[in-house]
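K.L.:
Sharing a structure here in structure tokens format.
The values are calculated or read from the model by the stated rules, or taken from the named source; none is laboratory data. Everything numeric in this text was worked out from a predicted model, so none of it was measured. Methodologically, a virtual Cβ is constructed for each residue, glycine included, from the backbone with ideal geometry; neighbour enumeration extends over all protein chains shown.
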Amino acid sequence: MTGDPRAISMTVNGREVTLTVEPRVSLADALRQDLGLTGTHVGCEHGVCGSCTVLVDGTAVRSCLLFAVQAEGTAVETVEGLARGSALHPLQEAFRRHHALQCGFCTPGVLMTLVELLRADPCPTEAAVRDALSGNLCRCTGYQPIVAAALDAATVLAAEAAP
Amino acid sequence: MTATVMTATLGTRVPRIEDPALLRGAGRFVDDLRLPGTLHAAFVRSPYAHARVLGIDTADARALPGVAAVLTAADLTPLLTDLRLPIAFPEGQLPPEVMPFALVRDEALHVGEPVVIVVASSRRVAEDAAERVVVEYEPLPAVTDPRAALDAGAERACSTADGNLFKRFRVAFGEVDAAFAGAHAVVAERFRLHRGGGSPMETRGVVARHCSESGELTVWSSTQMPHELRHTLAERLSLPEDRVRVVTPDVGGGFGTKYLVYPEEVAVAAAARALDATVKWIEDRQEHFVSAIQERDQHWSVEMALDGDGRLLAVRGTLVHDQGAYAPHSVNVPFNSATSLPGPYALPAYDMDVAVVRTNLVPVIPVRGAGYPQGCFVMERLMDRAAERLGLDRAEIRRRNLIRPDQMPYPTPMRTRAGAPIAYDSGDYPACQAMGLEAIGYDGFGARQAAARAAGRHIGLGIAHAVKGTGRGPFESGLVRVMPDGRVSVYTGALAMGQGLKTALAQIAADTLGVPVERVDVIAGDTGFVSLGHGGYASRQTVTAGSSVLMAARAVREKALAVASGLLEAAAADLVIRDGMVEVDGVPGMAVPLARIAGMLRGLPGYAFPDGVSAGLEAVEHARFDQLAYANAFHACEVEVDVETGGVRILRYVAVTDCGRRINPLIVDGQVTGGIVHGIGNALLEEFRHDEQGQPLTTTFADYLLPTAHDAPPIELLYRESPSPLNPLGVKGAGEVGVIPVTAAVVSAVEDALAPFGARFAEAPLSPVRILETLLQTGLRTGPRNGEGGTP
Ligand code: FES
Ligand code: FES
């Protein structure tokens with residue numbers, strides 16, 4: 001049932017970490033409870049709401065559905081790693097401009113989902129943004145401002161990337 | 001007032017002060033609190049909708065290493081003045097027995113009701129131990145249909161109650177029978193309306209820390225009502241109120257769900273006190289589906305009488321409301337449903353008979369909209385039926401019946417639950433309708449629809465109005481204090497749960513005191529700072545807390561000017577406050593910082609103190625509100641229905657909102673948009689289902705569907721601003737008016753799209769299955785009727 005705790009290593013937001021967890025502990029719980037990274041939220045623990053979304057080796061995953069031990073040797077990115085020091089990431093800035101967050105509970109998961117999208121598709125269509133977002137539930141915003149923020153951030157990021 | 005008030009930010013789209021921390025993942029929600037030595041709680045919950053508890057064996061659970069306590073109702077009883085939660089409404093409305101116990105004493109009344117609390121070193125251990133608790137139950141018959149529950153000889157939902165009726169009441173005025181007797185036309189319909197839950201993305205959660213050294217109990221709870229929680233805990237745990245502090249951390253949405261003192265909060269606090277420890281309980285989503293409040297079914301049977309011009313004569317009918325196992329907010333939801341039905345229309349006579357029925361399902365209290373969406377749906381659908389019957393245009397029949405702006409303020413013959421007259425304070429309903437019709441292209445829709453139909457597509461248009469009473473009193477607290485460093489702190493008993501309340505209050509304080517918004521800190525929902533408060537519900541906070549903060553900030557300003565006038569040797573009338581400096585207007589350099597005045601008003605022990613002012617550069621106000629400010633909205637939407645799949649796509653959505661003066665249009669947009677998408681969930685998706693034994697069938701977000709980014713349409717927002725004369729800001733609440741007309745508008749549009757099939761809808765939500773069933777019953781069997789409708 002519980003199993004003996006195991007030591008695992010991974011990088012989290014670029015930092016090497018080692019922790020000892022029971023095999024039944026989810027990556028979400030390990031991030032929140034063992035590493036103190038409480039920016040990743042848990043809204044359902046059954047893989048539907050997307051609040052717990054983090055990037056594992058660049059791919060958006062639901063950290064409530066992944067055991068921490070499965071993340072052994074991977075590179076994990078969470079919302080805490082997004083800002084550029086004291087400046088917000090352009091996506092975060094766009095969220096503020098467009099009022100794309102209200103209670104902010106879904107926001108970290110939404111941001112990480114969009115980070116994955118914008119890396120893969122720097123100029124997404126509105127339909128592509130809505131597709132990417134369809135696995136993230138938000139009860140507050142009605143999504144429209146999130147979509148607008150994502151499209152706006154894409155423009156800003158593209159301008160940054162331009163030579 | 002002296003000197004000019006700088007209105008730098010009121011009415012502008014100020015980015016929220018809440019955002020930076022939340023965007024960085026640095027918010028502090030209740031589950032983010034990590035206090036040393038915290039123990040974790042899990043609950044054993046009733047697996048039956050109705051059962052007698054015959055015995056509980058906790059020995060195995062207690063034997064598990066890491067378990068600190070396993071408490072039953074019998075264990076809690078000596079720790080509490082009363083195991084039952086207290087009523088939070090005036091005595092006499094309903095008896096105390098309508099409230100739940102902190103833990104089930106001898107009879108569980110719904111699946112999910114907490115029976116045992118287990119406290120252990122970790123949540124995982126607590127859950128392991130909870131599985132080892134053996135509860136012996138005697139299952140009893142479950143009552144799940146509120147209509148059948150009223151039959152003579154029906155099983156009882158609670159064996160100690162007389163019957164299944166919590167309360168029966170009427171909302172009535174005018175000469176109803178005479179109106180029907182003389183009517184030109186009568187339309188009648190039965191409605192079944194399911195509302196659904198608040199479903200905040202953050203579940204409930206509470207951390208309680210008891211410290212016997214100080215005798216203090218500190219509770220962090222994801223609640224919408226911190227002061228009521230403190231009062232209840234102090235009373236039930238026999239603690240002085242000032243030894244109990246309730247703090248609301250960041251709250252991940254409420255929507256009504258958290259506007260209740262829950263049994264779990266009392267049980268966790270009692271356990272923390274018994275153990276003299278810190279105990280945390282975070283609800284998981286499965287628990288949320290079976291123990292957090294919901295709104296569910298209402299069954300209406302209603303008829304409307306009209307004259308030959310389509311003018312309303314009367315409405316009468318019955319409403320049977322499924323209240324669930326308990327009635328912790330009395331009859332608020334069905335009362336609102338019944339009194340909101342007339343909405344924006346001049347209705348001469350009305351008689352609604354309301355039965356509030358006990359069932360063995362999760363208790364009902366208001367969810368965003370609080371019963372109004374149902375009253376609105378019934379009225380708006382009847383308007384559509386009446387238009388059809390009389391051969392009138394749907395917009396025209398509404399226009400003829402809308403209350404006119406020259407009739408404002410418009411007293412209805414009804415009274416609020418506080419006993420005050422329901423009187424609409426301001427608004428121009430016909431103008432809102434005209435704006436919305438224009439924006440959606442109402443006049444050209446017939447041609448668009450005909451063209452679509454010719455191409456085999458089924459599009460339809462729906463419209464609906466809403467009126468919502470906002471700013472419920474009696475008051476809210478607002479304390480404004482200039483700190484010695486010149487920052488301004490605002491404290492209130494109102495509650496921030498995502499609406500941007502902190503930003504709005506900061507704007508009000510900042511503009512009044514002449515400081516930048518960034519220099520204002522808002523602490524909402526911490527009983528340690530303000531002694532009184534009512535929290536977040538009924539779209540009330542910008543009205544009530546906003547007014548208190550405005551008044552307090554004005555008082556602080558007066559004080560600052562009085563002191564500065566002495567220091568600068570200038571008349572207060574010649575002073576302005578800019579960027580935190582009190583200046584003699586037009587004389588650069590003649591200035592004193594607010595910070596210095598704040599420092600002076602702290603006083604120095606034994607030394608002189610400025611004349612004519614009281615201590616501290618601060619003031620507290622509790623603006624009083626006896627009357628509601630009525631916001632209104634007109635919505636129009638265009639949908640397309642796929643007759644093969646029953647799928648509904650909303651093509652366009654236009655919302656005209658009048659919530660008075662907007663402090664921050666960015667925030668108002670957010671409130672309205674979020675409300676509309678919530679309403680789309682109610683119209684098309686969200687339904688709590690259960691079987692005949694009361695076993696819930698929707699306990700995950702895979703079964704209970706919330707709107708996703710795909711379901712949310714493009715929304716066009718338009719505004720009128722009719723300032724409320726009832727408060728100094730001229731504001732009305734914006735949090736709920738967006739959700740109210742959505743179900744009515746969407747269902748109307750679906751029906752319009754399927755008019756060729758003669759489809760009729762008098763229910764919500766409309767799932768694809770329900771649409772297909774209806775098409776099979778009416779449309780496909782008889783074939784399209786070329787837009788001609790049947791009579792209801
Ligand atoms: S918490 Fe992981 S998907 Fe909801
Ligand atoms: S901002 Fe509250 S759930 Fe998305």
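K.L.:
State whether one or more residues within segment A:56-63 are in contact with a strand residue (DSSP E or B) (Cβ under 7 Å, 6 or more places away or on another chain), within 16 Å of ligand 1 (Cβ to nearest atom) and within 25 Å of B:His678 (Cβ to Cβ).
P.N.:
yes
K.L.:
Residue check, B:Ala571 against (1) surrounded by 17 or more Cβ atoms within 10 Å (Cβ to Cβ); (2) in contact with a Ser or Thr (Cβ under 8 Å, 6 or more places away or on another chain), all met but one. Which one?
P.N.:
Checking B:Ala571 against (1) surrounded by 17 or more Cβ atoms within 10 Å (Cβ to Cβ); (2) in contact with a Ser or Thr (Cβ under 8 Å, 6 or more places away or on another chain), the one that fails is (1).
K.L.:
Quick check on B:Pro728: is it out of contact with any Pro (no Cβ under 7 Å at 6 or more places or on another chain) and modelled with pLDDT under 95?
P.N.:
Numbers: out of contact with any Pro (no Cβ under 7 Å at 6 or more places or on another chain): yes; modelled with pLDDT under 95: yes.
So B:Pro728 passes the test.
K.L.:
Is one or more of the residues making up segment B:523-538 within 30 Å of B:Arg381 (Cβ to Cβ) and either in contact with a His (Cβ under 8 Å, 6 or more places away or on another chain) or without any contact (Cβ under 8 Å) to a residue 24 or more places away in the chain (or both)?
P.N.:
no
K.L.:
Could I ask something else about it? Among the residues of segment A:128-152, which ones are free of Cβ contacts under 8 Å to residues at least 12 places away in the same chain and more than 23 Å from A:Val61 (Cβ to Cβ)? So that I can check it myself, show each step before the final result.
P.N.:
Going residue by residue through segment A:128-152, those that are free of Cβ contacts under 8 Å to residues at least 12 places away in the same chain are A:128, A:131, A:134, A:142, A:144.
If the condition is that a residue be free of Cβ contacts under 8 Å to residues at least 12 places away in the same chain and more than 23 Å from A:Val61 (Cβ to Cβ), then A:Gly142, A:Gln144 are the ones that fit.
K.L.:
Scan segment A:95-137 for residues that are within 7 Å of another protein chain (Cβ to nearest Cβ), under 16 Å from the mean Cα position of the chain (by Cα) and over 19 Å from B:Ala26 (Cβ atoms) and report the count.
P.N.:
Residues in segment A:95-137 being within 7 Å of another protein chain (Cβ to nearest Cβ), under 16 Å from the mean Cα position of the chain (by Cα) and over 19 Å from B:Ala26 (Cβ atoms): 3 in total.
K.L.:
When you go through (1) without any contact (Cβ under 8 Å) to a residue 24 or more places away in the chain; (2) basic (Lys, Arg); (3) more than 7 Å from every other protein chain (Cβ to nearest Cβ) one by one for B:Arg24, which number turns out not to apply?
P.N.:
With respect to (1) without any contact (Cβ under 8 Å) to a residue 24 or more places away in the chain; (2) basic (Lys, Arg); (3) more than 7 Å from every other protein chain (Cβ to nearest Cβ), B:Arg24 is out only on (3).
K.L.:
Regarding segment B:719-735, can at least one residue be identified that is in contact (Cβ under 8 Å) with a residue 24 or more places away in the chain, closer than 24 Å to B:Gln298 by Cα, within 14 Å of chain A (Cβ to nearest Cβ) and within 16 Å of ligand 2 (Cβ to nearest atom)?
P.N.:
Yes, segment B:719-735 contains at least one residue that is in contact (Cβ under 8 Å) with a residue 24 or more places away in the chain, closer than 24 Å to B:Gln298 by Cα, within 14 Å of chain A (Cβ to nearest Cβ) and within 16 Å of ligand 2 (Cβ to nearest atom).
K.L.:
Could you look through segment A:43-73, keep only residues that are of a type in the set (Ser, Thr, Tyr) and either within 16 Å of ligand 2 (Cβ to nearest atom) or assigned by TED's automatic domain parsing to the domain that holds A:Ala132 (or both), and pick out the one that is nearest to B:Ile282 (Cα to Cα)?
P.N.:
Taking the candidates together, the pick is A:Ser51.
K.L.:
Being touching a Pro at 6+ places or on another chain (Cβ under 7 Å), at pLDDT 95 or above, farther than 27 Å from B:Ser722 by Cβ and among the hydrophobic types (A, V, I, L, M, F, W, C), is that true of even one residue in segment B:620-641?
P.N.:
The answer is no, given that none of the residues of segment B:620-641 is touching a Pro at 6+ places or on another chain (Cβ under 7 Å), at pLDDT 95 or above, farther than 27 Å from B:Ser722 by Cβ and among the hydrophobic types (A, V, I, L, M, F, W, C).
K.L.:
If A:Thr11 meets every condition in (1) within 11 Å of another protein chain (Cβ to nearest Cβ); (2) surrounded by fewer than 22 Cβ atoms within 10 Å (Cβ to Cβ) apart from one, which number is that one?
P.N.:
Of everything listed in (1) within 11 Å of another protein chain (Cβ to nearest Cβ); (2) surrounded by fewer than 22 Cβ atoms within 10 Å (Cβ to Cβ), A:Thr11 misses just condition (1).
K.L.:
When you check A:Gln92 against the structure, is it within 15 Å of the chain's Cα centre (by Cα), modelled with pLDDT of 95 or more and facing another protein chain (nearest Cβ under 9 Å), yes or no?
P.N.:
yes
For every residue, the table says whether it meets (1) farther than 30 Å from B:Ala161 by Cα; (2) touching a strand residue (DSSP E or B) at 6+ places or on another chain (Cβ under 7 Å); (3) crowded, with 22+ Cβ neighbours inside 10 Å.
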position	(1), (2), (3)
B:Arg13	yes, no, no
B:Asp32	yes, no, no
B:Phe43	no, yes, yes
B:Asp57	no, yes, no
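K.L.:
Going through A:Phe67, A:Phe105, A:Phe95 one at a time, which residue ends up being closer than 25 Å to B:His710 by Cβ, within 16 Å of ligand 1 (Cβ to nearest atom) and aromatic (Phe, Trp, Tyr)?
P.N.:
On inspection, the qualifying residue turns out to be A:Phe105.
K.L.:
Which one of the conditions (1) at the interface with chain B (Cβ under 8 Å from one of its Cβ atoms); (2) within 16 Å of ligand 1 (Cβ to nearest atom); (3) over 29 Å from B:Val739 (Cβ atoms); (4) not aliphatic (A, V, I, L, M) does A:Glu80 fail to meet, given that it meets all the rest?
P.N.:
Checking A:Glu80 against (1) at the interface with chain B (Cβ under 8 Å from one of its Cβ atoms); (2) within 16 Å of ligand 1 (Cβ to nearest atom); (3) over 29 Å from B:Val739 (Cβ atoms); (4) not aliphatic (A, V, I, L, M), the one that fails is (2).
K.L.:
If you check A:Ala154, A:Ala94, A:Ala148, which single one turns out to be in contact with a Cys (Cβ under 9 Å, 6 or more places away or on another chain), buried (at least 18 other Cβ atoms within 10 Å of the Cβ) and assigned to a helix (DSSP H, G or I)?
P.N.:
One residue alone meets the criteria, A:Ala154.
K.L.:
Name the one entry in B:Glu216, B:Glu228, B:Glu202 that is touching a Phe, Trp or Tyr at 6+ places or on another chain (Cβ under 6 Å) and among the acidic types (Asp, Glu).
P.N.:
Sole residue among the options that is touching a Phe, Trp or Tyr at 6+ places or on another chain (Cβ under 6 Å) and among the acidic types (Asp, Glu): B:Glu202.
K.L.:
Follow-up. Somewhere in segment A:36-51, is a residue away from ligand 1 (no atom under 14 Å from the Cβ) and out of contact with any helix residue (DSSP H, G or I) (no Cβ under 6 Å at 6 or more places or on another chain)?
P.N.:
The answer is yes, given that some residue of segment A:36-51 is away from ligand 1 (no atom under 14 Å from the Cβ) and out of contact with any helix residue (DSSP H, G or I) (no Cβ under 6 Å at 6 or more places or on another chain).
K.L.:
Which pairs have Cβ atoms under 8 Å, sit 6 or more apart or on different chains, and link a residue in segment A:45-56 that is more than 7 Å from every other protein chain (Cβ to nearest Cβ) and within 12 Å of A:Ser134 (Cα to Cα) to one that is in a loop (DSSP other than H, G, I, E, B) and more than 13 Å from ligand 2 (Cβ to nearest atom)?
P.N.:
Going by the 8 Å Cβ cut-off, the qualifying pairs are A:Gly50/A:Gly135.
K.L.:
While we're on this one: Search segment A:27-42 for residues being over 21 Å from A:Val115 (Cβ atoms) and outside any loop (DSSP other than H, G, I, E, B), and hand back the single one that is nearest to ligand 2 (Cβ to nearest atom).
P.N.:
A:Asp29
K.L.:
Quick one: is A:Leu117 in contact with a Pro (Cβ under 9 Å, 6 or more places away or on another chain), more than 16 Å from ligand 1 (Cβ to nearest atom) and part of a loop (DSSP other than H, G, I, E, B)?
P.N.:
In short, no.
K.L.:
Oh, and also: Please work out which residue is surrounded by the fewest Cβ atoms within 10 Å (Cβ to Cβ), limiting yourself to segment B:74-93 and to residues that are under 17 Å from B:Asn332 (Cβ atoms) and of a type outside the set (D, E, K, R).
P.N.:
By that ranking, first place goes to B:Gly92.
K.L.:
Sort through B:Ala702, B:Ala683, B:Ala709, B:Ala655 and tell me the only one that's facing chain A (nearest Cβ under 10 Å) and either touching a Phe, Trp or Tyr at 6+ places or on another chain (Cβ under 9 Å) or assigned to a helix (DSSP H, G or I) (or both).
P.N.:
Answer to the selection: B:Ala709.
K.L.:
Tell me yes or no: at least one residue of segment B:237-252 is away from ligand 1 (no atom under 16 Å from the Cβ), within 14 Å of another protein chain (Cβ to nearest Cβ) and β-branched (Val, Ile, Thr).
P.N.:
For segment B:237-252, residues away from ligand 1 (no atom under 16 Å from the Cβ), within 14 Å of another protein chain (Cβ to nearest Cβ) and β-branched (Val, Ile, Thr): present.
K.L.:
On to the next question. Does segment B:391-421 hold any residues that are at pLDDT 95 or above and assigned to a loop (DSSP other than H, G, I, E, B), and which are they?
P.N.:
The answer is B:Gly391, B:Leu392, B:Asp393, B:Ile403, B:Arg404, B:Met408, B:Pro409.
K.L.:
Okay, next question. Taking the criterion of being over 29 Å from the mean Cα position of the chain (by Cα), hydrophobic (A, V, I, L, M, F, W, C) and within 14 Å of chain A (Cβ to nearest Cβ), would at least one residue in segment B:69-82 satisfy it?
P.N.:
No, that holds for no residue.
K.L.:
May I pose another question? Looking at segment A:33-40, can you tell me whether even one residue there is more than 27 Å from B:Gln286 (Cβ to Cβ) and more than 8 Å from chain B (Cβ to nearest Cβ)?
P.N.:
No, segment A:33-40 contains no residue that is more than 27 Å from B:Gln286 (Cβ to Cβ) and more than 8 Å from chain B (Cβ to nearest Cβ).
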